[in-house]
Structures are given as structure tokens and as C-alpha cells.
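First up is the structure itself, then whatever we jot down about it.
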Amino acid sequence: MVLSLSFVLALVGSAVGLIIGMVIYGDISEAIECPVGEIIGGGGGGGNITTTAPNTGTYGSDADGLYFEDNVQMDFQVASGILSNGVYQEGTSTLEDQGEVRFGSNLPQWNFLHDGDAGSNLVSINFWINGDIEGGPSYPVIDTLHCNFYDTTCVTYGFTVQGVNDDNGVLVYTQSGSLQFYVYNGGSNIFNAQWLDGAPPDDSNWHMITLVYDKSDSSGITCTDGSCSSFWVGAPTAFTISGQDAVSTLSVGTTHGCCGGVTENGFLVDDFTVWNGYTLTQTDIDDMWNSGVGSSAGATGESIELSSQVLHVTFDEGTGSPSSEGQVGAEQCQQAKDISWTVIGIIPVALFFSLFAIFSALGTGKQ
């Protein structure tokens, strides 16, 4: 069988078209990375995109962690932690959005942090951190005093929350290399202490921060990387009882929406635990520090007084709820790729018949 010149030319043309289409598709496919099985943020690979970090403490889902950027709820930016996964709290210092982790939406459940005789006078907090936490009171490391970014009626720490109530809550922040702990109650600063060892350095290593205090006499300890110092501010004084709610839920990496000239830094957080009614011992602290390797305070680690843990969040991959938006986006992305490949496959066939018709007509015209 002898093939006509028109057929051969059309076949060659369509083959060239197929090759060009495959090259173009390859470039497009490589440039577009669908978010299936992707972890957002640095230092990790594989896993689920999550919208919530479940609280395994006694508060349960009422204190689940939620991630916000510029006051809009977003997926967590999950990254490698000291123990499995942690979360990256985005800051504005590198022209990023202002990010924060909020635990729950029920304000009264965090009143025990600033109010005397609220459940128990014994409070312990322990968490791991990695990065630059210098930010002053405008950008605390943790607090229950922050205002929403767009809430122009809210002014915090030591002032009146206009139209709402007096300031009530706690504030942990770093300024000039000093890590500070403040308590506001009824609009007044009733207590403050500092970590005598200073703030953990921004050296790309994970550091453990511990705070233990007794509201009955304002005594307690502050620890950095398992090294602790006692504090006792002034004469033994009990925390007052304001009976007023915290300004906000317990949060990591917030903004107060005031006091310009300060930028918020981004940092990583892992294994965040709060106890109401328990004083961490030096043995507990040493066990969690674990010579710098780390060990969880929860049931998968040291199981430290689980019944008194009101909050314990690991941020581990698979413990959160898959993002429906992320799943839909991934499916739509993959569908777009499939459609592109189908189009690439149809083009050579259409090109063949078009070229064959053209070459046949040209051949006929020459006879």
C-alpha cells in the first residue's frame, strides 16, 4: 500500500503538534503544583492540610486551636516541630500577613489565668518555641488580652476596653531580650514577673518555655530550657477576684492593634499545654525538656497530670480536620490538569485531518 504525500505530510505535522503539545503540558504541569498531600509552611513533607488542632485537654473541642491571618481563619501552616509537627505563626516582619493561633472561642474558660480563686489558684504553662519572639507588648508570645486587628474600639493592657469592660487577662512578651509575664485584672496591672535567664535566643533551635504561678500569694517559677528561677513580686499578695471575662481567648502570636513602630516576628510553636490546678515540679520540667530532645506533656509522652490539663495541643499531622477548601481546591486543580491533557490529545487528531484536507486540496490543485 502506497501512502499519499498528503497523508504523510499530515501525519508528520500532527506528530510535531503532539510533541509540542506534550512539551507545553509538561511545563504547565510542573509549574502548577496541586495541594494534594502537601504541608503548608516550612520544614515538613507530606500530610494533611488542617483547619483545626484538637485540644486533648479537659476543655475538649471548646479549646480547639484555630489559625488566623489578618483576622481571617485560614489553614494551619504546619512545619516540623520538636516532636513530630509544629505550627508556624506568621509575622509581618518579612512582609507577611499577621498570623495567630487562637484556642477556642469561649472567653470565661480562660478567666482562671487572671482571676483569683477561679477553679484553682495553681496554674502551669509549658510550650516549645523556635524563632524570633522579640516584639514587645504589641506582639505578645501568648496572651488573653489581644484585640482583633480591625477592632478600633479595643485598646489593651492597662487601659479600658472601650464599650466592653476593663482589661482582664495575661500577657507574655519579649522586649529588649527580657521575657515578661503580666497579669491585668479589673483594668489594672496587678502582677508581673520576668524570666531571669532572659528570652530564648533566635538560633534555629527549639527552646522550652515554662511558667508556673500560685495566685494565692503571687509566687512561682519561670523556666527556659528546663533551667528555672523562683519569683515572688513584693510581699505575698493574693490575686484579686474581678469576676470579669478575659478580653480574648488564649492565643499565640497576636497583635493588639496599637502602638506602632513594632513589627511582628514569625516563629514556630509545638506541644502547648496548660494546667489549671497543678504545679509542675522540677522533675516534670526535666522530663519534658529531656536534655533538649523534648518529650510531650500529654498521653503520648510524660502523661503529666492529665486530669488537670485544660489544654494540650500537639499540632501533629493527622490530628486536625482536613480543610474542605483545600480538598476542593486540590480536586479542581487535578481536574484542570486532566482537561489540559485531554485537550493536548485532541489537538493532534484535529491537526491531522486539517492538514490532510489542506494538502489534499493543494495536491488536487496542481493536477
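Values in this text are rule-based calculations from the coordinates and carry no lab data. Only a predicted model underlies this, so the values are computations on that prediction, with no experimental measurement involved. Neighbour counts run over all protein chains shown; Cβ positions are idealised from the backbone, glycine included.
What distance in nm separates the two pseudo spin-label positions at Leu196 and Ala238, each 7 Å out from Cα along the beta-carbon direction?
2.8
Report the FRET efficiency, 1/(1 + (r/R0)^6), for Thr300 and Asn189, where r is their Cβ-Cβ distance and R0 is 35 Å, rounded to 0.05.
0.40
In what order do Ile241, Ile142 fall by count of nearby beta-carbon atoms within 10 Å, going from fewest to most?
Fewest to most other Cβ atoms nearby, the residues stand as Ile241, Ile142.
Please work out how much length the chain gains when fully extended from Ser61 to Ser176, using 0.36 nm per residue of separation minus the C-alpha to C-alpha distance, in nm with one decimal.
Separation in residues times 0.36 nm, less the Cα-Cα distance, equals 37.7 nm.
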